[in-house]
Amino acid sequence: MDMVEAVYSSVILRPVNEYKVNASVSGYISELRIKEGDEVKTGDILFVLVNDPAKMTQENARLSYELARQTLEGESNILDELKIEIRSLRLKVRNDSLNYVRLKALREQNAVSQFEADNAQLAFEISSDNLENLKKKFKRTERELKVQLGQSKNNLSVSELRTGDYVIRSNIHGRVFQLSKEKGEFVNMQERLAILGDKDQFKLEMLIDEVDISKVRIGQKIVVTLEAYENNVYEARINRIAPRMDDRTQTFTVEASFVKSPPRLYMGLTGEGNIVINEKGKALVIPREFLLPGNKVDTENGTQTVKTGLSNWSYIEVLSGLKEGEKIYKPKQ
């Protein structure tokens with residue numbers, strides 16, 4: 001008979017590009033713009049969430065930014081007030097300077113007392129120092145106000161970005177396969193809202209035991225049967241093998257694509273798959289339950305040792321030790 005060695009696994013159908021739509025913020029669903037089965041495009045709005053404290057935070061950030069902007073750039077801002085003070089103080093320094101020069105000349109002519117001349121010099125020096133201090137205050141204030149404006153602008157931008165998270169959009173052009181939430185429900189951060197995937201393309205997912213994974217290769221043929229199409233057999237090819245074993249199940253995920261798929265497919269369909277490892281025509285085989293430990297078989301001529309080859313769940317190939325037509329016996333339980 002024809003002998004096929006295969007690795008068996010159950011299969012489940014999943015859409016290509018499947019992804020879970022999650023919320024990155026908390027809030028109530030105020031708008032639900034999709035239903036199961038809908039086709040969506042990249043960027044389409046799926047959900048709109050609302051969160052009153054978040055809205056208040058954004059409004060506070062906007063008010064803080066506007067206040068900082070007005071303080072720096074608006075009418076009657078602090079810097080304009082300082083500029084007016086600087087202009088007034090420059091005039092005072094000029095007057096004090098002229099008065100000091102005048103009294104100094106008069107003192108040289110003994111027209112005024114030394115006390116008056118010293119007071120004029122002191123007034124000039126004080127006003128000059130005040131002017132320099134006011135200039136420094138202007139630069140320091142300008143720098144601080146610019147920093148405050150930048151910080152408030154950044155805070156507003158962050159708040160607006162967070163607010164943008166309340167509008168959840170599709171990342172793909174595909175179909176809505178599952179909705180997990182309804183309008184009005186509260187959503188926590190990272191909570192699943194829906195499952196989306198490619199609307200037409202599906203993949204077969206298999207879990208292969210670690211003892212069999214070394215036999216599996218990209219491109220190998222898989223013979224597939226589905227519960228929904230139980231009287232049909234389909235061919236698929238392996239196109240991906242997970243590089244890491246799942247610690248919980250001790251299995252590797254293998255993905256495959258149909259060579260020719262059934263007419264209609266749905267997410268979650270189940271079935272069975274046999275990955276073809278080796279094929280051989282006209283092989284001499286015996287039922288597995290007839291093989292004794294040590295590769296021995298009970299025959300009409302006594303117990304004989306055989307050399308085995310390919311095997312599957314039902315049969316084992318015999319390479320030598322038996323002849324075609326030779327009678328063998330099933331071991332007694």
Inset, instruction - Report, by residue number, each residue of the stretch 106-140 that is β-branched (Val, Ile, Thr) and closer than 30 Å to ILE78 by Cα. - result: ILE126
Inset, instruction - Give the residue, chosen from SER314, SER261, that is free of Cβ contacts under 8 Å to residues at least 60 places away in the same chain, assigned by TED's automatic domain parsing to the domain that holds TYR8 and of a type in the set (Gly, Ala, Ser). - result: SER261
Inset, instruction - Kindly establish whether ALA123 is among the hydrophobic types (A, V, I, L, M, F, W, C) and more than 29 Å from ILE238 (Cα to Cα). - result: yes
Legend entry - Count of residues meeting criterion [closer than 17 Å to VAL40 by Cα and not acidic (Asp, Glu)] in the stretch 181-201: 7
Inset, instruction - Take PRO293 and decide whether it is out of contact with any Ser or Thr (no Cβ under 6 Å at 6 or more places or on another chain) and either over 29 Å from GLU205 (Cβ atoms) or modelled with pLDDT under 90 (or both). - result: yes
Legend entry - Odd one out for VAL276, checked against (1) out of contact with any Lys or Arg (no Cβ under 6 Å at 6 or more places or on another chain); (2) in contact (Cβ under 8 Å) with a residue 12 or more places away in the chain; (3) farther than 21 Å from ALA228 by Cβ; (4) assigned by TED's automatic domain parsing to the domain that holds ILE222: (1)
Inset, instruction - Look at VAL254 and say whether it is in contact with a strand residue (DSSP E or B) (Cβ under 7 Å, 6 or more places away or on another chain), more than 30 Å from LYS307 (Cβ to Cβ), buried (at least 16 other Cβ atoms within 10 Å of the Cβ) and modelled with pLDDT of 95 or more. - result: yes
Legend entry - Within the stretch 81-108, considering residues that are among the acidic types (Asp, Glu) and surrounded by 13 or more Cβ atoms within 10 Å (Cβ to Cβ), the one farthest from GLU144 (Cα to Cα): ASP96
Inset, instruction - Could you please tell me which pairs satisfy a Cβ distance under 9 Å, a separation of 6+ or placement on different chains, a first residue in the stretch 195-213 that is free of Cβ contacts under 8 Å to residues at least 24 places away in the same chain and at positive phi, and a second residue that is crowded, with 21+ Cβ neighbours inside 10 Å and hydroxyl-bearing (Ser, Thr, Tyr)? - result: none
Inset, instruction - Could you run through the stretch 188-243 and say how many residues are basic (Lys, Arg) and loosely packed, with under 13 Cβ neighbours inside 10 Å? - result: 1
Legend entry - Conditions (1) at pLDDT 90 or above; (2) not in a helix (DSSP H, G or I): number failed by GLU75: (1)
Inset, instruction - Might you let me know whether the stretch 46-69 holds any residue that is modelled with pLDDT of 80 or more, over 56 Å from the mean Cα position of the chain (by Cα) and of a type in the set (Phe, Trp, Tyr)? - result: no
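The values are calculated or read from the model by the stated rules, or taken from the named source; none is laboratory data. In this text, all values refer to a predicted model and were calculated from it rather than measured experimentally. Glycine gets a Cβ as well: all are built from the backbone with ideal geometry, and neighbour counts include every protein chain shown.
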